[in-house]
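Let me begin by presenting the structure, written as structure tokens, before commenting on it.
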Amino acid sequence: MSESTRLLIIDDDPDFSSGIRSILEKADYEVSVAYNPKDGFEALEKDPPDLLLLDVMMGRGAEGIMLARKLRKDPVLREIPVLIITGIREQIAYLFPGEQVHPGFVAVDELVEKPVDPEFLLDRVKALLEASEERKKQTS
């Protein structure tokens, strides 16, 4: 991918965000980070990235899920591919407001567990960006 491919990480863990950012920047992605959902949503509205990497558990709970749901209701932002990176396993019967964690718990493009292998992360990012480009071509 080219340097013009922009990614946004929204995660309240500075150490994790720094590590993921480093991996992505070494692969020539332009990466921004927001450390809470409010700042993240403002960044999304101001300058929508090509891909969002989003944590689930932030602030007072599953604020990442609330943000993902909010994105899917926005006519512009809902086109951004979302990669959830979380420490919560799908198998855990952890309840988000109104829903259990399972592959359909929120409309995102992919969910991976922390810690994530760097090569696997880069593979998923590339695949999601390619799928997004293909969708754009088909709707043009």
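The values are calculated or read from the model by the stated rules, or taken from the named source; none is laboratory data. Being a predicted model, the structure only gives us computed values, none of them experimental. To get the accessible areas, we keep the full protein, side chains included, count just its heavy atoms, and leave off ligands, DNA and RNA. Shrake-Rupley method; radii C 1.70, N 1.55, O 1.52, S 1.80 Å.
With all protein chains present, how much of the accessible area of region 1-77 (probe radius 1.4 Å) comes from carbon and sulfur, to the nearest whole percent?
Working: 1870 of 3860 Å².
Heavy-atom surface of region 1-77 belonging to carbon and sulfur, 1.4 Å probe: 48 percent.
What is region 10-66 by shape, rounded, prolate or oblate, if you read a ≥ b ≥ c off the alpha carbon gyration tensor as root eigenvalues and call it rounded for a/c under 1.5, prolate for a/b larger than b/c, and oblate otherwise?
On the way: a/c = 2.34, a/b = 1.33, b/c = 1.75.
Taking the square roots of the gyration eigenvalues as a ≥ b ≥ c, region 10-66 is oblate.
Find the accessible area per residue for region 13-58; the probe is 1.4 Å, ligands and nucleic acids are left out, and the unit is Å². Walk me through the numbers on the way to the answer.
Working: 2260 Å² over 46 residues.
For region 13-58, the per-residue accessible area is 49 Å².
Residue 53's amide H: which non-local residues (gap 5+, or another chain) put their own amide H closer than 5 Å, with H modeled 1.01 Å from N in plane and none for Pro or chain starts?
HN-HN under 5 Å from residue 53: 8, 9, 10, 83.
Note the full-extension length gain between residue 32 and residue 132 as 0.36 nm times their separation in residues minus their Cα-Cα distance, in nm to one decimal. Could the numbers behind the result be given before it?
Working: separation 100, 0.36 × 100 = 36.00 nm, distance 1.93 nm.
Length difference between fully extended and current span is 34.1 nm.
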